[in-house]
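Okay, so here's the structure we're looking at.
The values are calculated or read from the model by the stated rules, or taken from the named source; none is laboratory data. Just so you know, these numbers come straight off a predicted model, no measurement behind them. Cβ coordinates were reconstructed from backbone atoms using ideal geometry, including for glycine residues, and neighbour counts include every protein chain displayed.
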Amino acid sequence: MKRGFTHLDLVVNIRFPSPRAHGLQVAAMAEALSSTGLNVSVVVPRRFPYQDTDVHNYYGVRRTFRVERIASLDTIDMLPPRLQRVPFLVQSATFGWRALARAAVQRRSALLVRDHYTLDLLVSGLRRRHVARLAAEVHNLPNTPSRRRWVMRALARLPAVITITDALREELIGEGVDPEAILVARDGVHLHRFVGLPDAPTARTHLGLPADTPLVVYAGQLYKWKGVDTLVEAMGRLPDVRLMVVGGDKINLDRVVALAQQHAPGRVTFTGTIPSLAVPFHLAAADVIALPNTATEAISARYTSPLKLFEAMASGRPIVASDIPSLREVLTDGYNARMVTPDDPEALANGIRSLVDDPDGMRRLSARAQQDVQAYDWSARGQQVARFLREKLQVARA
C-alpha cells in the first residue's frame, strides 16, 4: 500500500451538468483538486435524455479534469414525480454497481464519493484493502432510522470523511465515526468572478429594474426549506422595496409566483434559471441579499453550507439571514450580517428594513463579509481536502 496517489475519481450520481448547486460544487471541486497536482476524473451516470453538454463551458471552469460517464438504467424522468421513487432506486443501484466494477479494475485511483447509495455498494463490494482508498463527502444524512444506520455503518469503515458543517461532524461522531477521520470543509466560491462588479443602481439598470428603488435579491432554489416563501410574505410588509428571485426550478415556481401575487403584486421579479457565471452580476444589483432558510428541517438548520452564502459574502452587498446553526457557523449578527428569527416574515421584514434605512451599517457589514469570505475560495478548499486525502487514504500498488 502507498499514500502518494496521483489519480482521484470523484464519483457522483447526479445529472452533470445541471442548474442545481450540487453540480457546480462538483465542478468547482474537481477544478480545485486538479490544481493541487491530482489527476481528477469526475465519474457520473449517463442520464436520459443524454446531451453531450460541455461541462467546463457550462460552469466556467478550467479544463483540468475529465468527465467519464458510465451507464445506468434511467427511466426516472419518463414518469411523473409521484412515481419516481422505484426508478430512482433502480438507477442508483445500476450506477452503483457500474461504479463498483470500475473501481475494482482501476485500482490505482483514490475514490471520493458523494452519494449514500453508491458509497454503500463500494464499501460492501470492495475488498478491505481497497476500502482504504475510499473517502466520502457528506452533505446530509437520511431521515429514516434504517437508512441512517446503514449509511453510518458505511461511513464508520472509511479512513476519510469530509463534512460541510460542524453540526454534521458532531452527528457523525455521535454515531460512531472516528473523529480523526473527519474533516470539516465548508463550501466555497470563485472569488475572481466578483472582481469589478458595478454598483447596485448600474446593475439594476442593465437588468431593466428601477435604479432608485431598494432591491432585495434571493438567489437559489425554491424548495420550501430554503425559506423563499417566508421572504415573499415579508415583502408584503415592505411596500417600497422590490424583490428579485434568481434561479429556481419549474416545479416550485408556480407556488412562489402565486405567493408573490398575493403578498407583493408587481414588486417581485423572477429570472428563472440563469448560468452560474451570471449570478455575480445579479447579486450586484441588490441593496440587500436574503438567506431566509427555515429552521424546521435539518437539511437547512444543521446540514447546509450554501454556495449562495459565500457568493453573497463575495458580492459586497449586506446579508440578512436566518439565525440558524448552519449559517451561524459563518455569519455573526451585527458583525458580517443581520441575523433574524427564522420562519418569521415580520422579523425578516424588520431585518431588511433596518439595513435599507442604514447605509453606513450596510457598508460595514458587507465589508466584513467580503473580508471573511477570502478564506472560502474554492482553491483553498481544494488544497485542504487534497492534503487530508493524501494523509488518510492508501492506494494499493496493484
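The range 281-398 holds strands (runs of 3 or more DSSP E) entirely within its bounds, and those carrying 1 or more residues that are buried (at least 23 other Cβ atoms within 10 Å of the Cβ) and over 20 Å from the mean Cα position of the chain (by Cα) map to 288-291, 338-340.
Kindly establish whether Phe65 is surrounded by 14 or more Cβ atoms within 10 Å (Cβ to Cβ), aromatic (Phe, Trp, Tyr) and under 30 Å from Gly37 (Cβ atoms). Here the answer is yes, as Phe65 does meet what is asked.
Within the range 126-136, the set of residues being surrounded by 18 or more Cβ atoms within 10 Å (Cβ to Cβ) and free of Cβ contacts under 8 Å to residues at least 60 places away in the same chain comprises Leu126, Val131, Ala136. Taking the range 268-280, which residues are in contact with a Leu (Cβ under 7 Å, 6 or more places away or on another chain), at pLDDT 95 or above and surrounded by 20 or more Cβ atoms within 10 Å (Cβ to Cβ)? Hits for the range 268-280 are Val268, Pro280. Any residue that is of a type in the set (Gly, Ala, Ser) and assigned to a helix (DSSP H, G or I) - is there at least one of those in the range 133-143? No, because not a single residue in the range 133-143 is of a type in the set (Gly, Ala, Ser) and assigned to a helix (DSSP H, G or I). Checked across the range 145-153, the condition of being surrounded by fewer than 19 Cβ atoms within 10 Å (Cβ to Cβ), under 25 Å from the mean Cα position of the chain (by Cα) and in a loop (DSSP other than H, G, I, E, B) holds for no residue.
Looking at Arg255, is it assigned by TED's automatic domain parsing to the domain that holds Ser326, over 19 Å from Ile289 (Cβ atoms) and either in a loop (DSSP other than H, G, I, E, B) or charged (D, E, K, R) (or both)?
On the way: assigned by TED's automatic domain parsing to the domain that holds Ser326: yes; over 19 Å from Ile289 (Cβ atoms): yes; either in a loop (DSSP other than H, G, I, E, B) or charged (D, E, K, R) (or both): yes.
Spelling it out, Arg255 is indeed assigned by TED's automatic domain parsing to the domain that holds Ser326, over 19 Å from Ile289 (Cβ atoms) and either in a loop (DSSP other than H, G, I, E, B) or charged (D, E, K, R) (or both).
Checked against (1) assigned to a loop (DSSP other than H, G, I, E, B); (2) modelled with pLDDT under 95; (3) more than 21 Å from Lys308 (Cα to Cα); (4) not aliphatic (A, V, I, L, M), Arg237 meets all criteria but (2).
Within the range 246-266, being out of contact with any Gly (no Cβ under 8 Å at 6 or more places or on another chain) and surrounded by 20 or more Cβ atoms within 10 Å (Cβ to Cβ) holds for one residue alone: Ala260. Can you find even one residue in the range 76-85 that is in contact with a Ser or Thr (Cβ under 7 Å, 6 or more places away or on another chain), part of a loop (DSSP other than H, G, I, E, B) and farther than 25 Å from Gly220 by Cβ? No, the range 76-85 contains no residue that is in contact with a Ser or Thr (Cβ under 7 Å, 6 or more places away or on another chain), part of a loop (DSSP other than H, G, I, E, B) and farther than 25 Å from Gly220 by Cβ.
May I ask you to say which residue of Leu243, Leu231, Leu222, Leu183 is hydrophobic (A, V, I, L, M, F, W, C), assigned to a loop (DSSP other than H, G, I, E, B) and crowded, with 16+ Cβ neighbours inside 10 Å?
Values: Leu243 fails: assigned to a loop (DSSP other than H, G, I, E, B); Leu231 fails: assigned to a loop (DSSP other than H, G, I, E, B); Leu183 fails: assigned to a loop (DSSP other than H, G, I, E, B).
Being hydrophobic (A, V, I, L, M, F, W, C), assigned to a loop (DSSP other than H, G, I, E, B) and crowded, with 16+ Cβ neighbours inside 10 Å holds for just one of Leu243, Leu231, Leu222, Leu183, which is Leu222.
Is the range 280-293 home to any residue that is over 25 Å from Gly361 (Cβ atoms) and either among the aromatic types (Phe, Trp, Tyr) or touching a residue at least 24 places away in the same chain (Cβ under 8 Å) (or both)? Taking every residue of the range 280-293 in turn, none turns out to be over 25 Å from Gly361 (Cβ atoms) and either among the aromatic types (Phe, Trp, Tyr) or touching a residue at least 24 places away in the same chain (Cβ under 8 Å) (or both).
Only residues that are polar (S, T, N, Q) and either surrounded by fewer than 18 Cβ atoms within 10 Å (Cβ to Cβ) or under 20 Å from the mean Cα position of the chain (by Cα) (or both): list them for the range 100-120, please. Quick ask: steps written out before the conclusion?
Step one: of the range 100-120, the residues polar (S, T, N, Q) are 106, 109, 118.
Within the range 100-120, Gln106, Thr118 meet the criteria.
Residue pairs whose Cβ atoms lie under 9 Å apart, sitting 6 or more positions apart in sequence or on different chains, and linking a residue in the range 316-337 that is within 20 Å of Arg169 (Cβ to Cβ) and not assigned by TED's automatic domain parsing to the domain that holds Gln371 to a partner that is surrounded by fewer than 17 Cβ atoms within 10 Å (Cβ to Cβ) and of a type in the set (Val, Ile, Thr), do not occur here. Checked against (1) among the polar types (S, T, N, Q); (2) assigned to a loop (DSSP other than H, G, I, E, B); (3) at pLDDT below 95; (4) surrounded by 13 or more Cβ atoms within 10 Å (Cβ to Cβ), Gln91 passes all but condition (2).
Quick check: anything in the range 167-175 farther than 22 Å from Ser305 by Cβ, in the same structural domain as Ala28 (by TED's automatic domain parsing) and touching a helix residue (DSSP H, G or I) at 6+ places or on another chain (Cβ under 7 Å)? No; the residues of the range 167-175 include none that is farther than 22 Å from Ser305 by Cβ, in the same structural domain as Ala28 (by TED's automatic domain parsing) and touching a helix residue (DSSP H, G or I) at 6+ places or on another chain (Cβ under 7 Å). The lone criterion from (1) part of a loop (DSSP other than H, G, I, E, B); (2) in contact with a Lys or Arg (Cβ under 9 Å, 6 or more places away or on another chain); (3) closer than 21 Å to Val26 by Cβ left unmet by Ile274 is number (2).
Just to be sure before I move on: is Ala21 under 24 Å from Ile274 (Cα atoms), of a type outside the set (Phe, Trp, Tyr), in contact (Cβ under 8 Å) with a residue 40 or more places away in the chain and touching a helix residue (DSSP H, G or I) at 6+ places or on another chain (Cβ under 6 Å) in the structure I sent? Give the steps one after another, and end with the answer.
On the way: under 24 Å from Ile274 (Cα atoms): yes; of a type outside the set (Phe, Trp, Tyr): yes; in contact (Cβ under 8 Å) with a residue 40 or more places away in the chain: yes; touching a helix residue (DSSP H, G or I) at 6+ places or on another chain (Cβ under 6 Å): yes.
When the stated conditions are applied, Ala21 passes them.
Quick one: which residue in Val340, Val373, Val395 is without any contact (Cβ under 8 Å) to a residue 40 or more places away in the chain and either more than 21 Å from Asn140 (Cα to Cα) or assigned by TED's automatic domain parsing to the domain that holds Gly220 (or both)? Write out each step before concluding.
On the way: Val373 fails: without any contact (Cβ under 8 Å) to a residue 40 or more places away in the chain; Val395 fails: without any contact (Cβ under 8 Å) to a residue 40 or more places away in the chain.
Among Val340, Val373, Val395, only Val340 is without any contact (Cβ under 8 Å) to a residue 40 or more places away in the chain and either more than 21 Å from Asn140 (Cα to Cα) or assigned by TED's automatic domain parsing to the domain that holds Gly220 (or both).
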